[in-house]
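Chemist: Following this message is one structure expressed as structure tokens.
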Amino acid sequence: MKALIIEDDPTVAEHIRSGLESAGHECFHQSDGKNGLNRALDEHFDLVILDIMLPEMDGFTVLEEIRAVHPALPVLLLSAKSQVDDKVRGLRSGANDYLTKPFAIEELLARAEGLAGRPGAASKETELSVGDLTLDLLRRKVTRGETEIDLQAKEFQLLECLLRNRGKVVTRSMLLERVWNYHFDPQTNLIDVHISRLRQKVDKTFNIPLIETVRGTGYRISEGLS
Amino acid sequence: MIAIGAFTRSSSFRVGALFTALSSAGILFIFYFWSLADDDKLLAEAHSAIAAEKFLFSELYRSGDIEQTISSVNRRVSLPSNDTLVALYDSNQKILAGNLQRLPDHDATNVPVILSLPITEYLSKAVANDSYLATSDYFLIDDIPLGEYRIMVARSVEALYSTQKIGRALGWLFIVMLVMIAALSFGVAIYVVNRINRMSRTASDIMDTGNLAARMEIDSNWDDLSRLAIVFNKTLDKIENSVKNIKQVSDNIAHDLRTPLTRLRGKLERMPDSELRDDAMAEADNLLGIFNSLLRIADVESERQRAGFERVALHTVVNDVIDLYEPLLEDQQVRLTTNIDAVEIEGDPHLLFQALSNLVDNSLKHAKSSGRIEVLLKQYGNRNIIAIFDSGRGLPTAEFENLDRRFYRAEQSRTTPGNGLGLSMVSAVTSLHYGTLWFVDNPLCETSGFGVVMSLPVRSSKSLSH
């Protein structure tokens, strides 16, 4: 993955760069809005990580300019402010995801990889499968081998979310945002409880565990199973 | 309406009452004066003058004859600056002497007579415009017999009467003025008392709610009360500013500490795997969590988020929270009952979700196993009530007022996980939605318990905050 970081704080930029590079991604850095925009328009990137507070030109403007030329280029917005209206404004003006500083580098990595590898037509699939597990999106049915598994609505959505990001880590707050549609930080191990229920139904009676825990970060369904 | 006690105890009301009392005393005095100055007293002088004339002429007639009396009468009326009408006439009403050519209609009473014709019609030609001075037609007339003749004596009393009339008019004027003063001072007293009461209500509101943004209304700018209000508002500005500054400083500290902490966490991440590393990371995450919560609360309190308000189906938010916590509740064998009406408000769904999940989280933390949690969402009148009741360990009611203070942890909950920011967040979110927060002791009537009630207005408009 080739990523462009537009961020004026050198510490944060270095933090992101080292995180992405240690995961084997290629990284470029620009420290102001104007140069960042030029670079984003001139070269091909798989992902732009964009800070909102920037010198020369703010992040929202940069985002609009990028969108005018590359409607499909994934953009991850960063903000020091945790204001919801910033988040809403960012997502409305075309950002693909939003992250509030400070963040755990795993969170950023998970989101960045999710964005860069997001297949454009994924939403049109009617069936998701991994190993012997099949998710029928139209009939909302889950089967593993020959057995049909009875899942509740939220459990189904959790599984769907994990499957759509197959092979990538999905963090707890990503799950909360995508399954429950709320931006907030839970104080307890809420998501873990939901996952453990899902596991009970999906994994317990079968030999190969499907959902793996990535310590300190989130969950993943491995791609190697298929 | 304010209690009557508050009115009568105020100094301006007392001043007003004093003015009213003084004015009433003045009015009473005037009436007393009038009662003294009746007709008899007023006319006593004129009566005695007429009596003297009568006596003089009857003595003259008795000691002399009619001729002598006639010449005396004529001499009498020709005296300079004479203001008495005299007529000596016989039984045929023929005037023999005096300054009249015609007798006015009169009967011999003590009541003043008003002449039916102008005075010049009565005066004889010889004296008209000459020695007779009075021009009035208001007379006190007396008539006595002198043998077969009669003599009539009349004195003008108009000057006396007009003085009395002027006095009466002035008296009425004075009464009207006094009544006006009384009414005015009463009005002023009520106005001043009302304003002072409004001011004290604003002040006590600020004390009760801690809402430093409230200000006294200034409806004029010429009097001392408005000046007082202006000074008070300026004082509030100063206080609000200092409080804001203090908040700002603490928020800045949180903000500034967050960056090095993030760096520290980044460095920890790169350390080789070990239990120690994980512990240190968990600590760092915990600290970051606290700072994030602090900043988030500060952010909510700044009320900027109202810009992002939208129509929120409150019942959906409540149901989503329950949905999210349902497995945890089941794991802890806590029984959940709900009573949820469909209710919509203007608000921020994410913040409401956060606040409600904090509340459910709290209840769960303090729940005893096989305890009970009840979640209510109801509309009562113009308030939406969200209540979360539990049968947990409960809290002494003395602690209630401290619960929404940042980092406050009641004695009982020191052993449970948490950072003492959960209810601060709930409180901030409630105020953001123009609501109020209540705590209830043992709402489910079990052995112990704790309840939180969020009361949000149905119409949360901007006008409510300013």
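Chemist: Excluding ligands, DNA and RNA, what is the accessible area buried between chains A and B, summed over both sides, using a 1.4 Å probe, to the nearest 100 Å²?
Modeler: Numbers: alone 11710 and 27010 Å², together 35610 Å².
So the total buried area for this chain pair works out to about 3100 Å².
Chemist: Leaving out ligands, DNA and RNA, what percent of the accessible area of the protein assembly as shown is carbon and sulfur, probe 1.4 Å? Intermediate results must be reported in sequence, preceding the final value.
Modeler: On the way: 19530 of 35610 Å².
Carbon-and-sulfur percentage of accessible area, whole number: 55.
Chemist: Right, another one. Pairs of Cα atoms under 8 Å, at least six residues apart: use those to get the relative contact order of chain A, whole percent. If you can, show how the numbers build up before the last one.
Modeler: Values: 338 pairs, mean separation 30.1, N = 226.
Here the relative contact order equals 13 percent.
Chemist: Follow-up. Would you look at the GNM of chain A, springs on alpha carbons closer than 10 Å, and say which of A:PHE184, A:PHE28, A:PHE103 moves the most?
Modeler: In this elastic network of chain A, the residue with the biggest mean-square fluctuation among A:PHE184, A:PHE28, A:PHE103 is A:PHE184.
Chemist: If you don't mind, another one. Explain nothing, just the number: relative contact order of chain B, from Cα pairs under 8 Å at least 6 residues apart, as a whole percent. Let's see the in-between values first.
Modeler: Numbers: 613 pairs, mean separation 46.5, N = 466.
About 10 percent, as a whole number.
Chemist: Expressed as an acute angle from 0 to 90° and rounded to the nearest 10, what is the orientation of the C-alpha long axis of helix B:224-269 relative to the principal long axis of chain B?
Modeler: Roughly 10 degrees between the two axes.
Chemist: If you take the charge dipole of chain B about its Cα centre, with +1 on Lys and Arg Cβ and -1 on Asp and Glu Cβ, which of B:LEU85, B:ASN362, B:SER156 is farthest toward its positive end?
Modeler: B:ASN362
Chemist: Could you compute how much accessible surface A:LYS201 exposes when probed at 1.4 Å, giving the result in Å² to the nearest 10?
Modeler: 70 Å²
Chemist: Next question, about the same structure. So what is the relative contact order of the stretch B:224-301, in percent, for Cα pairs below 8 Å that sit 6 or more residues apart? Display every interim value, and only then the final one.
Modeler: Numbers: 24 pairs, mean separation 27.2, N = 78.
Value for the stretch B:224-301: 35 percent.
Chemist: Between the helical axis of B:422-432 and the dominant principal axis of chain B, each derived from Cα atoms, what acute angle in degrees is found, rounded to the nearest 10?
Modeler: 40 degrees
Chemist: Follow-up question, since we're still on this one. Straight distance only, please: which lysines reach the Cα of A:LYS154 with their own Cα at less than 23 Å, same-chain residues fewer than 8 apart left out?
Modeler: By straight Cα distance, A:LYS154 reaches A:LYS124, A:LYS141, A:LYS168, A:LYS201, A:LYS204.
Chemist: As an exercise, find the ratio Rg/Rh for the stretch A:2-116 from alpha-carbon atoms, using the Kirkwood inverse-distance average for Rh.
Modeler: On the way: Rg = 12.4 Å, Rh = 13.6 Å.
My calculation puts Rg/Rh at 0.91.
Chemist: Which value at 222 nm does the protein assembly as shown reach when only helices count, each DSSP H run of 4 or more adding -39,500 (n - 2.57), with the total divided by all residues and rounded to the nearest 500 deg cm²/dmol?
Modeler: Details: 19 runs with 328 residues, N = 692.
After summing the helix terms and dividing by residue count, I get -16000 deg cm²/dmol.
Chemist: Is there a quick way to get the dipole size of the protein assembly as shown? I mean about its Cα centre, with the Cβ of Lys and Arg at +1 and of Asp and Glu at -1; what is the value in debye to the nearest 20?
Modeler: On the way: 75 positive and 94 negative charges, 89 e Å.
Its charge dipole is roughly 420 debye.
Chemist: Could you tally the net charge around B:GLU310, taking each other residue with its Cβ under 9 Å from the Cβ of B:GLU310, Lys/Arg +1 and Asp/Glu -1?
Modeler: Working: positive: B:ARG311; negative: B:GLU346, B:ASP348.
Computed value for this residue: -1.
Chemist: Is the shape of chain A best called rounded, prolate or oblate, per the rule: a/c under 1.5 gives rounded, else a/b larger than b/c gives prolate, else oblate, with a ≥ b ≥ c the square roots of the Cα gyration tensor eigenvalues?
Modeler: Values: a/c = 2.12, a/b = 1.97, b/c = 1.08.
Here chain A falls in the prolate category.
Chemist: Continuing with the same structure: Plugging the Kirkwood radius over Cα pairs into Stokes-Einstein for chain B, at a temperature of 10 °C and a viscosity of 1.306 mPa s, what D comes out in µm²/s?
Modeler: Working: Rh = 32.0 Å.
After rounding, the answer is 50 µm²/s.
Chemist: Helix B:275-301 versus the longest principal axis of chain B: what angle, 0 to 90°, nearest 10, using Cα atoms?
Modeler: The angle comes out near 20 degrees.
Chemist: For the stretch A:123-225, report the translational diffusion coefficient in µm²/s to the nearest whole number, using Stokes-Einstein at 10 °C, 1.306 mPa s, and a Kirkwood Rh over Cα pairs.
Modeler: The diffusion coefficient I find is 114 µm²/s.
Chemist: Next question, about the same structure. So, taking all protein chains as they sit and a 1.4 Å probe, how much accessible area belongs to B:ARG372, in Å² rounded to tens?
Modeler: Here the accessible area works out near 50 Å².
Chemist: Between B:ASN82 and residues 5 or more places away or on another chain, which pairs have amide H atoms under 5 Å apart, with H built 1.01 Å from N, and which residues are they?
Modeler: The list, which skips near neighbours in sequence, is B:LEU133.
Chemist: When Lys and Arg each count +1 and Asp and Glu each count -1, what net charge do the other residues less than 10 Å away from B:HIS433, Cβ to Cβ, add up to?
Modeler: On the way: positive: B:ARG306; negative: B:GLU346, B:ASP348.
Neighbour charge sum, excluding B:HIS433 itself: -1.
Chemist: Rounded to the nearest whole Å², what accessible area per residue is found for the protein assembly as shown with the 1.4 Å probe? The partial results should precede the final answer.
Modeler: Numbers: 35610 Å² over 692 residues.
Here the per-residue accessible area is 51 Å².
Chemist: May I pose another question? Could you check which residue among A:ASP136, A:ASP42, A:ASP51 shows the biggest mean-square fluctuation in a GNM of chain A with a 10 Å Cα cutoff?
Modeler: Most flexible of the set in this elastic network: A:ASP42.
Chemist: Another question, if that's okay. May I ask you to rank B:HIS315, B:HIS255 by accessible area, largest first, using a 1.4 Å probe over the protein chains only? Walk me through the numbers on the way to the answer.
Modeler: Numbers: B:HIS315 50, B:HIS255 75 Å².
Listed by decreasing accessible area, they come as B:HIS255, B:HIS315.
Chemist: Please calculate the 1.4 Å probe accessible area of B:SER78, with all protein chains present, and give it to the nearest 10 Å².
Modeler: Result for B:SER78: roughly 70 Å² accessible.
Chemist: Any idea how many Lys pairs in chain B come in under 18 angstrom at the alpha carbon, given 8 or more places apart or on separate chains?
Modeler: Details: B:LYS41/B:LYS165; B:LYS94/B:LYS125; B:LYS234/B:LYS244; B:LYS238/B:LYS247.
Number of lysine pairs found: 4.
Chemist: Over the Cα atoms, compute the radius of gyration (one decimal) and Dmax (the largest Cα-Cα distance, rounded to a whole number) for the protein assembly as shown, in Å.
Modeler: Reported Rg and Dmax, both Å: 50.5, 166.
Chemist: How big is the charge dipole of the stretch B:224-301 about its Cα centre, in debye rounded to the nearest 20, if each Lys and Arg gets +1 on its Cβ and each Asp and Glu gets -1 on its Cβ?
Modeler: The dipole of the stretch B:224-301 has a size of about 420 debye.
Chemist: Separate question: Classify the stretch B:224-301: rounded, prolate or oblate, from the alpha-carbon gyration tensor (a ≥ b ≥ c, eigenvalue square roots; a/c under 1.5 rounded; otherwise prolate if a/b is larger than b/c)? Intermediate values should be presented prior to the final figure.
Modeler: Working: a/c = 6.71, a/b = 4.87, b/c = 1.38.
Prolate shape, in that a/c is at least 1.5 and a/b is the bigger ratio.
The values are calculated or read from the model by the stated rules, or taken from the named source; none is laboratory data. Being a predicted model, the structure only gives us computed values, none of them experimental. As a convention, Cβ positions derive from the backbone with ideal geometry for all residues, glycine included, and neighbour counts pool all protein chains shown. Side chains included, ligands, DNA and RNA excluded: accessible areas come from the protein's heavy atoms. Shrake-Rupley method; radii C 1.70, N 1.55, O 1.52, S 1.80 Å.
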